[in-house]
1. Among the numbered criteria (1) at positive phi; (2) within 14 Å of the ligand (Cβ to nearest atom), which single criterion is violated by Val167?
2. In the set Val74, Val111, Val153, Val130, which member is more than 15 Å from Asn62 (Cβ to Cβ), modelled with pLDDT under 95, among the aliphatic types (A, V, I, L, M) and surrounded by 15 or more Cβ atoms within 10 Å (Cβ to Cβ)?
3. So, in the range 207-232, of the ones that are part of a loop (DSSP other than H, G, I, E, B), surrounded by fewer than 22 Cβ atoms within 10 Å (Cβ to Cβ) and of a type outside the set (A, V, I, L, M, F, W, C), which residue ends up nearest to the ligand (Cβ to nearest atom)?
4. Can you pull out the residues in the range 195-206 that are assigned to a loop (DSSP other than H, G, I, E, B) and of a type in the set (A, V, I, L, M)?
5. Which residue, of Gly60, Gly115, is under 30 Å from Gly144 (Cα atoms), touching a strand residue (DSSP E or B) at 6+ places or on another chain (Cβ under 6 Å) and part of a helix (DSSP H, G or I)?
6. Kindly check whether there is at least one residue in the range 166-177 that is of a type in the set (Lys, Arg) and under 19 Å from the mean Cα position of the chain (by Cα).
7. Can you go through Gly140, Gly134, Gly60 and tell me which one is more than 16 Å from the ligand (Cβ to nearest atom), under 20 Å from Cys179 (Cβ atoms) and small (Gly, Ala, Ser)?
8. Being within 16 Å of the ligand (Cβ to nearest atom) and either out of contact with any Cys (no Cβ under 7 Å at 6 or more places or on another chain) or modelled with pLDDT of 95 or more (or both) narrows it down to one of Gly195, Gly204, so name that one.
Amino acid sequence: MGAFEPAGIAERLERIRGRIRDAAARAGRDPSGVCLVAVTKGLPAAVVPAVVAAGVADIGENRVQEAAAKRDGVGAAGARWHLIGHLQTNKAALAARTFDVVHSLDSTRIVEAIGRHREPGAPLPSLVEVDLTGIEARTGAAAGDAEAIARAVQEQPALELRGLMTVAPPGDDEAARRCFRELRGLRDRLEQALGIALPELSMGMSADFEIAVEEGATIVRIGTALLGPRPG
Ligand SMILES: *Cc1c(COP(=O)(O)O)cnc(C)c1O
């Protein structure tokens with residue numbers, strides 16, 4: 001396991017939590033309003049219980065089958081599993097059984113597919129992923145489609161609309177900040193249009209989570225800064 005021993009995680013976690021606290025303070029925010037999701041994609045399943053033992057209960061995965069295998073295979077009671085990667089309709093049934101939060105709904109079609117497969121009873125907290133970069137081959141809905149997708153989520157009794165998610169353009173802090181501001185503005189407009197609160201803004205990764213917290217992130221998704229580089 002080498003780099004993934006719990007002690008290393010605990011140390012990195014403490015540093016990250018400190019940076020989140022500082023960023024929240026700069027923005028006059030309460031740091032307890034920021035949920036840290038540990039992104040374990042591409043890493044061995046044994047990382048998950050180590051992360052949970054270090055005190056992070058929220059686990060982010062971008063592939064449905066990888067997450068399902070890890071969820072079945074490791075003892076990580078109390079973990080909440082977040083889908084942060086693109087979802088295809090042929091994986092919707094497995095996703096509906098595997099995840100506790102879904103960040104990456106980006107079409108009405110996928111909303112209907114996962115809504116159909118989710119057991120009613122405990123609605124699945126759901127975010128609409130929006131791409132504000134226009135970078136080719138990126139997933140995420142166009143900003144102009146977000147309202148229709150959000151309304152489709154509201155129509156699914158097994159889903160609960162909670163907010164928006166985005167991935168900033170890489171390597172440019174000012175562009176990342178503009179992107180996060182734009183997502184918050186879009187969220188504010190959607191709250192008006194739909195007449196409901198959309199409390200969650202899932203934005204910020206290892207390279208830009210402090211900027212995201214300054215701009216209102218309620219969920220940051222952190223992989224490499226916490227767990228080191230992914231193999232491959
Ligand atoms: C991989 C991934 C992350 C984490 O990225 P790091 O740079 O390793 O922190 C966050 N969000 C999404 C959507 C990802 O795919």
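The values are calculated or read from the model by the stated rules, or taken from the named source; none is laboratory data. Values in this document were obtained by computation on a predicted structure and should not be read as measured data. Neighbour counts are summed over all protein chains in view; Cβ atoms, including those assigned to glycine, are modelled from backbone coordinates with ideal geometry.
1. (1)
2. Val74
3. Only one residue tops the list, namely Gly223.
4. Matches in the range 195-206: Ile196, Ala197, Leu198, Met203, Met205.
5. Of Gly60, Gly115, the one residue that is under 30 Å from Gly144 (Cα atoms), touching a strand residue (DSSP E or B) at 6+ places or on another chain (Cβ under 6 Å) and part of a helix (DSSP H, G or I) is Gly115.
6. So far as the range 166-177 goes, yes, one or more of its residues are of a type in the set (Lys, Arg) and under 19 Å from the mean Cα position of the chain (by Cα).
7. The match here is Gly134.
8. Gly204
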